[in-house]
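The values are calculated or read from the model by the stated rules, or taken from the named source; none is laboratory data. Quantities reported herein were computed from a predicted structural model and do not represent experimental measurements. Please note: Cβ atoms are built from the backbone with ideal geometry, for glycine as well, and neighbour counts cover all protein chains shown.
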């Protein structure tokens, strides 16, 4: 189904940019310009997700987050220019589910929204994707991985890494990018922790973990998933390009 998303942002240009990107994803989006209107609309319309700017007139985003968390378990994404550790921890403490600092990439915001909706059990029509690379199948909506038809049990962090890589097969992600996208607020994860999770992931999905066919190392950069065929909403398309960088 289409998710109902409420955006509270007092900057019209920022609000419109976020709205456009989320509507392209197929969501129904309502924009308000202050915290008081956000509370009123959230209570009246019961959206599937809130995107809140922290600095707003009338009632700021932190207060809206605190009030809504006491009333509802709706996923909440905070947008703010504040980026200190204290600000991040405050957002967590009052119940925010994710936190993006300005300036931000609209594509990253859409990806964060998609992840929050998936964790909340809200999946937009047509958004289910099954990525296949050889015998490897990754069903991001069902949180399932199969190799040669056999189900493989992954930890949340292992699946998170695989999901990030599967989102753009063939693209090399740095360890820092993987930490940001797969671990969310846990930004204090060390880069060598990513290597440990990748090693465990390879042991579970690779026929020869020492010579991986799926999760490939891109030397001097990070990791990528081998080029894949993607099946989305029943339609199967062949991904273009051939992975040429060395693997290991």
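Worth pointing out:
- Verdict on residue 31 being under 14 Å from residue 113 (Cβ atoms) and either in contact (Cβ under 8 Å) with a residue 60 or more places away in the chain or touching a helix residue (DSSP H, G or I) at 6+ places or on another chain (Cβ under 6 Å) (or both): no
Let's see how each residue does on (1) farther than 25 Å from residue 116 by Cα; (2) at pLDDT below 90:
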| position | (1), (2) |
| --- | --- |
| 147 | yes, no |
| 172 | no, no |
| 179 | no, yes |
| 186 | no, yes |
| 199 | yes, no |
| 206 | yes, no |
| 213 | yes, no |
| 216 | yes, no |
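- Residue identified as part of a loop (DSSP other than H, G, I, E, B) and either modelled with pLDDT under 75 or under 30 Å from residue 29 (Cα atoms) (or both) among 124, 166: 124
- Residue in the stretch 113-121 that is surrounded by fewer than 19 Cβ atoms within 10 Å (Cβ to Cβ), part of a loop (DSSP other than H, G, I, E, B) and at pLDDT 85 or above present: no
- Taken over the stretch 93-111, the criterion of being more than 12 Å from residue 80 (Cβ to Cβ) and surrounded by fewer than 20 Cβ atoms within 10 Å (Cβ to Cβ) is satisfied by 93, 94, 95, 105, 106, 107, 108, 109, 110, 111.
- Count of residues meeting criterion [within 18 Å of the chain's Cα centre (by Cα) and in a loop (DSSP other than H, G, I, E, B)] in the stretch 2-20: 2
- Among residues that are surrounded by fewer than 18 Cβ atoms within 10 Å (Cβ to Cβ) and at pLDDT below 90, residue 24 is included.
- Flag for residue 157 being modelled with pLDDT under 85 and in a helix (DSSP H, G or I): yes
- Count of residues meeting criterion [surrounded by fewer than 19 Cβ atoms within 10 Å (Cβ to Cβ), at pLDDT 85 or above and touching a strand residue (DSSP E or B) at 6+ places or on another chain (Cβ under 8 Å)] in the stretch 218-234: 2
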